[in-house]
Amino acid sequence: MARLPILVAPHPVLKRKAQPVAAVDARVATLMDDMVETMYDAAGIGLAAPQVGVLDRVIVVDVHEKGDPPNPIRLANPEIVWSSEEKSVCEEGCLSVPEQYAEVTRPQRIRVRYLDEKNQPQELEADGMLATCIQHEIDHLDGVLFVDYLSMLKRNMILRKVQKLKGQKATA
Ligand code: NI
């Protein structure tokens, strides 16, 4: 497995639409493994392929509780086939928008269809943090970041902070 560099907003690849994979073959399975390692290394709970510069519809998530064993889920071509009327508000962050957080409203429960790491079709019902995380990651596949749900004022403020942070890191 290999750790991959994570793109930071406003990188243009983060705004592009990812394409479905034809199948989860050895290349895609390796990408999934590398993404899981990259996510753990960055202490994230989800990662989408465009965040590592790959425009494939592939995401990985792991929302296990502290103290529980890791529980990574690898999803290719994820598709939300049902979402609840009830919404929930969750404070979200993103490895591509480092150290910034904001509340986003999304459906509380979803059902998602996808191909797993063995190319088998799966369906998963998720609620709470897992539902939020999967929706956030699927958004990445369509070039959408969580800051896109905020007012322009708030979004610009966050993106300016990210730029400033990047500048500081470059000179450190
Ligand atoms: Ni994100």
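The values are calculated or read from the model by the stated rules, or taken from the named source; none is laboratory data. What you see is a predicted model; the values in this text were computed from it and never measured. Using ideal geometry, Cβ is built from the backbone for each residue, glycine included, and neighbour counts are taken over all protein chains shown. The protein model used for the area step is the full one, side chains on, heavy atoms only, and it has no ligands, DNA or RNA in it. Shrake-Rupley method; radii C 1.70, N 1.55, O 1.52, S 1.80 Å.
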Inset, instruction - Give the Rg/Rh ratio for segment 12-171, taking Rg as the radius of gyration of the Cα atoms and Rh as the Kirkwood radius, to two decimals. - result: 0.96
Inset, instruction - Report the accessible area of residue 55, computed with a 1.4 Å probe over the heavy atoms of all protein chains in place, in Å² rounded to the nearest 10. - result: 40
Inset, instruction - Determine the calculated [θ] at 222 nm for the chain from helices alone, applying -39500 (n - 2.57) to every DSSP H run no shorter than 4 residues and normalising by the residue count; nearest 500 deg cm²/dmol. - result: -9500 deg cm²/dmol
Inset, instruction - Provide, as a two-decimal number, the C-alpha radius of gyration of segment 99-172 over 2.2 N^0.38 Å, N being how many residues it has. - result: 1.44
Legend entry - Exceeding the 31 Å Cα-Cα cut-off - candidates 118/166; 118/164; 87/161; 87/164; 17/161; 17/66: 118/166; 118/164; 87/164; 17/66
Inset, instruction - May I ask you to order 88-99, 8-19 by the average number of other C-beta atoms within 10 Å around their residues, highest value first? - result: 88-99, 8-19
Legend entry - Rg followed by Dmax, in Å, when segment 1-96 is reduced to its Cα trace: 14.0, 40
Inset, instruction - Give the Kirkwood hydrodynamic radius (Å, one decimal) of segment 13-56, defined as one over the mean of 1/r across all pairs of different Cα atoms. - result: 11.0
Inset, instruction - Report the relative contact order of the chain, percent, no decimals, based on alpha-carbon pairs under 8 angstrom and at least 6 residues apart. - result: 24
Inset, instruction - For segment 64-115, report the translational diffusion coefficient in µm²/s to the nearest whole number, using Stokes-Einstein at 25 °C, 0.890 mPa s, and a Kirkwood Rh over Cα pairs. - result: 182
Inset, instruction - Rank these residues by their accessible area, most exposed first, probe 1.4 Å: 27, 111. - result: 27, 111
Legend entry - ³J(HN,Hα) computed for each position of segment 11-24 - Karplus, 6.51 cos²θ - 1.76 cosθ + 1.60, integer Hz, glycine/proline x: 5, x, 4, 5, 9, 8, 8, 7, 9, x, 8, 5, 6, 8
